[in-house]
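**Q** My structure is below; once you've seen it, I'll send some questions.
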Amino acid sequence: MFIDEVEIYVKAGNGGNGAVSFRREKYIPDGGPDGGDGGNGGDVIIQAIDHIHGLADFNRTKRFLAEDGQNGMSKKMHGRNSVDTVLNVPFGTQIFQKDELLFDLTHQNDRVVLLKGGKGGWGNQHFATSIKQAPKWAKSGMRGESAKIKLVLKMIADVGLIGLPNAGKSTLISTITNARPKIANYPFTTLEPNLGTFISDDKRLIIADIPGLIAGAHEGRGLGIKFLKHIERTKLLVHLIDSSSSDPLSDYKTIRTELGDFSKKLLKKKEIVVLSKIDLISTERLAEIEKQFKTKKIVLVPVSIATNLGLKQLTDKIKSKSSL
Ligand SMILES: Nc1nc2c(ncn2[C@@H]2O[C@H](COP(=O)(O)OP(=O)(O)OP(=O)(O)O)[C@@H](O)[C@H]2O)c(=O)[nH]1
Ligand SMILES: [Mg+2]
């Protein structure tokens, strides 16, 4: 299952305690203090990498405790520092604590030390003075920090594909990128977002295909609007409208309403409006639909993937609009 929001508990390791110990050797009856220091506790580190799809790993395990440092030992032996705990997340993951955004890992290999491990305590060897030559105390290790955090994945894509179910979004992404999502002639084929890379000349664009929206999606109808966060960071929206629909203009407005109910910012994004599947309609009907949209000052890009019509015009437009 695709998971894009999880709450987890993380704790850095405690520092090891310093040791209280005295040198014991043959013929040296009163050896000095020789308690070693405790090792440091492990940090909790979060690192963004590119080959994970979603946050499902964190849905299975929800507690991540870094190792504690080892206690100090006699003969001034230092306890071992423990290894850090590294949590791998997909890039595009944001880290929240009580609704406050702490970190936003937008790039591959971004890495943050979320929690510091506790420092190891000093052994009694450090506490000897000229008047107190045999201190019987040492310092305890510091406790590692802990926190409840929320991880939220907002995919990083340049272009977002939107539209009603069955409009042809997945067909488009599978034609122009390396993504191979399921395609079928019924609504709600796509159940989770897909990313694909479009490569042309010197340009490389990440395109996101998200599940179809329907009227009332913001109230949870259909698959709802929860996937819209994955197009929040795109520069450009490509809105697909099925030309064989009885009322394409109303389909367009339905989606715009849902976008606006999710976030007004989505309405301000640049968009390309694509009229899909034009092999299914007559040229007269095409002219009629184009006229309707023109009254709203919307220029359509008519496309048929079935007959390869208009695809070049569309990809050229995607390239130019996404670089402006
Ligand atoms: N005739 C024709 N059919 C097309 C064209 N493009 C897509 N289709 C068909 O339309 C149907 C829906 O396509 P999808 O790509 O799965 O649609 P979607 O928008 O991803 O749908 P959801 O994932 O449910 O939101 C499939 O049967 C496709 O084969 C086209 O240019 N012409
Ligand atoms: Mg789809």
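The values are calculated or read from the model by the stated rules, or taken from the named source; none is laboratory data. Because the structure is predicted, anything quoted here is derived from the model rather than measured. With ideal geometry, Cβ positions are generated from the backbone for all residues, glycine too; neighbour counts draw on all protein chains shown. Note: areas computed on protein heavy atoms with side chains; ligands, DNA, RNA excluded. Shrake-Rupley method; radii C 1.70, N 1.55, O 1.52, S 1.80 Å.
**Q** Which of the residues spanning the range 183-194 are more than 9 Å from ligand 2 (Cβ to nearest atom) and open to solvent by less than 30 Å² (accessible area, probe 1.4 Å)?
**A** Across the range 183-194, the qualifying residue is only Pro193.
**Q** Among the candidates Ile272, Ile231, single out the residue that is in contact (Cβ under 8 Å) with a residue 40 or more places away in the chain, within 20 Å of Ala208 (Cα to Cα), more than 16 Å from ligand 2 (Cβ to nearest atom) and open to solvent by less than 60 Å² (accessible area, probe 1.4 Å).
**A** Details: Ile231 fails: more than 16 Å from ligand 2 (Cβ to nearest atom).
Going through Ile272, Ile231 in turn, just one is in contact (Cβ under 8 Å) with a residue 40 or more places away in the chain, within 20 Å of Ala208 (Cα to Cα), more than 16 Å from ligand 2 (Cβ to nearest atom) and open to solvent by less than 60 Å² (accessible area, probe 1.4 Å): Ile272.
**Q** Exactly one condition in (1) open to solvent by less than 50 Å² (accessible area, probe 1.4 Å); (2) in contact (Cβ under 8 Å) with a residue 40 or more places away in the chain; (3) farther than 29 Å from Lys98 by Cβ is not met by Lys154; state its number.
**A** (3)
**Q** Sticking with this one: Scanning for something at pLDDT below 95, outside any helix (DSSP H, G or I) and open to solvent by less than 40 Å² (accessible area, probe 1.4 Å), does the range 60-78 turn up at least one residue?
**A** The answer is no; no qualifying residue exists.
Yes/no per residue for (1) open to solvent by less than 50 Å² (accessible area, probe 1.4 Å); (2) farther than 19 Å from Arg256 by Cα:
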| site | (1), (2) |
| --- | --- |
| Trp137 | no, yes |
| Ile149 | yes, yes |
| Lys169 | yes, no |
| Asn178 | no, yes |
| Gly196 | yes, yes |
| Leu213 | yes, no |
| His218 | no, no |
| Gly222 | yes, no |
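**Q** Now a separate question. May I ask you to list pairs of residues, at least six apart or on different chains, whose Cβ atoms are under 7 Å apart, with the first in the range 44-67 being at positive phi and the second being among the acidic types (Asp, Glu)?
**A** Gly54/Asp4
**Q** Just checking, does the range 31-41 include any residue being assigned to a strand (DSSP E or B) and either assigned by TED's automatic domain parsing to the domain that holds Ser146 or β-branched (Val, Ile, Thr) (or both)?
**A** Pass one, the range 31-41, residues assigned to a strand (DSSP E or B): 33.
Checking the rest, the ones that are also either assigned by TED's automatic domain parsing to the domain that holds Ser146 or β-branched (Val, Ile, Thr) (or both) come to 33.
Looking for residues that are assigned to a strand (DSSP E or B) and either assigned by TED's automatic domain parsing to the domain that holds Ser146 or β-branched (Val, Ile, Thr) (or both), one finds at least one in the range 31-41, hence yes.
**Q** Output the qualifying pairs, or none if there are none: Cβ atoms under 7 angstrom, residues six or more apart or on different chains, first residue in the range 188-204 and in contact (Cβ under 8 Å) with a residue 12 or more places away in the chain and of a type in the set (Ser, Thr, Tyr), second residue part of a strand (DSSP E or B) and within 16 Å of ligand 2 (Cβ to nearest atom).
**A** Partner pairs satisfying both residue conditions: Thr190/Asp209.
**Q** Can you tell me which residues in the range 1-39 are basic (Lys, Arg) and open to solvent by less than 30 Å² (accessible area, probe 1.4 Å)? Talk me through it step by step, then tell me what you get.
**A** Start the filter on the range 1-39 by keeping residues that are basic (Lys, Arg), which leaves 11, 23-24, 26.
Scanning the range 1-39 gives a single hit, Lys11.
**Q** Just need a number here: residues in the range 223-278 that are farther than 12 Å from Leu164 by Cβ, within 29 Å of the chain's Cα centre (by Cα), of a type outside the set (Lys, Arg) and part of a strand (DSSP E or B).
**A** The total comes to 7.
**Q** Before we move on, is Arg204 of a type outside the set (S, T, N, Q), surrounded by fewer than 20 Cβ atoms within 10 Å (Cβ to Cβ) and in a strand (DSSP E or B)?
**A** Considered against the rule, which asks whether it is of a type outside the set (S, T, N, Q), surrounded by fewer than 20 Cβ atoms within 10 Å (Cβ to Cβ) and in a strand (DSSP E or B), Arg204 comes out as yes.
**Q** Testing Ile241 on (1) open to solvent by 40 Å² or more (accessible area, probe 1.4 Å); (2) over 23 Å from Gly54 (Cα atoms); (3) more than 8 Å from ligand 1 (Cβ to nearest atom), one condition comes back false. Which one is that?
**A** (1)
**Q** Output the residues belonging to the range 79-122 that are open to solvent by 80 Å² or more (accessible area, probe 1.4 Å) and touching a Gly at 6+ places or on another chain (Cβ under 8 Å).
**A** Arg80, Asn81, Val83, Lys116, Lys119, Trp122
**Q** Now, a different point. So how many residues does the range 125-174 have that are of a type in the set (Gly, Ala, Ser), at pLDDT 95 or above and either touching a strand residue (DSSP E or B) at 6+ places or on another chain (Cβ under 7 Å) or within 16 Å of ligand 2 (Cβ to nearest atom) (or both)?
**A** Residues in the range 125-174 being of a type in the set (Gly, Ala, Ser), at pLDDT 95 or above and either touching a strand residue (DSSP E or B) at 6+ places or on another chain (Cβ under 7 Å) or within 16 Å of ligand 2 (Cβ to nearest atom) (or both): 9 in total.
**Q** Continuing with the same structure: With the condition kept exactly as written, say whether any residue in the range 174-184 is on the phi < 0 side of the Ramachandran plot, assigned by TED's automatic domain parsing to the domain that holds Leu300, within 14 Å of ligand 1 (Cβ to nearest atom) and touching a residue at least 60 places away in the same chain (Cβ under 8 Å).
**A** Checking the range 174-184: at least one residue is on the phi < 0 side of the Ramachandran plot, assigned by TED's automatic domain parsing to the domain that holds Leu300, within 14 Å of ligand 1 (Cβ to nearest atom) and touching a residue at least 60 places away in the same chain (Cβ under 8 Å).
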